[in-house]
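See structure below.
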Amino acid sequence: MINITFLGNFIGRLKRFFKKKKNVKIGLYGPPNGGKTTLANRICLDWLGEEMGAVSEVEHETRQIQIKEEVQIQAKGKSVTFNLVDTPGIATKVDFEDFLKAGMDEETAKTRAKEATKGIIESIKWIENMDVVLVVLDATKNPYSQVNITIVGNLAARNIPVIIVANKVDLKDADIKKVEEAFPQYKVVGISAKFGTYIQDFYDLIVDSVR
């Protein structure tokens, strides 16, 4: 059950952010392969008719900040416009040997590891620029990871409004309740960015939060 008082305060904070700033930035953050770029592509295809970036089963496909400006979401008779920022996945370490196992040659693997490390640093720096953050997590994995707790802790320390997106609910091992238990202080919305499952609930939450 959602705490009505908490949700009201949360929505109020989001409204204040959007009223004060013209170029509002909504950032997609989370560990590698949680589905950030897949969600970014879903949003951009739905509302702009074009994708944000490439996706891959190999971690750290996204290694640079990607931005789509003036994305306008409409739902429930309302709309909100913002700049969508897709960030490289944050990890505690990047080992080029993991890319070797994925079939890359040594030079390519080392280059990717270097770019991924640089992307993580860039992601962390960009936190300061975010007005709202969507923390995108793979709902089939343990949400109590060091990376997830670090990301959410950094956002909390900066008082940045957060929505937890429990992605990949189309998979049988998905456990939204476990994500909710891990981060009870935030609103959690379960979706499948790949197939668009419950995506309207996601859009409704975004619009309701900033009206």
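Quick notes on this one:
- Three principal axis lengths of the range 102-154 [C-alpha, angstrom, descending]: 37, 29, 16
- Square roots of 5 times each gyration tensor eigenvalue, C-alpha, the range 117-211, largest first, Å: 21, 17, 13
- Relative packing of peptides 85-92, 177-184, 133-140 - highest average C-beta neighbours within 10 Å first: 133-140, 85-92, 177-184
- In whole angstrom, the range 172-211 maps to an equivalent ellipsoid with semi-axes of 19, 16, 5, each derived as √(5λ) from the alpha carbon gyration tensor and ordered largest first.
- Hydrodynamic radius of the chain by the Kirkwood approach over all distinct alpha-carbon pairs: 17.4 Å.
- Given charges at beta-carbon only (K, R positive; D, E negative), |dipole| of the chain in Debye: 1140 debye
Coordinate-derived values only; no laboratory data. These figures come from a predicted structure and were not determined experimentally. Counting neighbours? That spans all protein chains shown, and the Cβs are built from the backbone with ideal geometry, glycine included.
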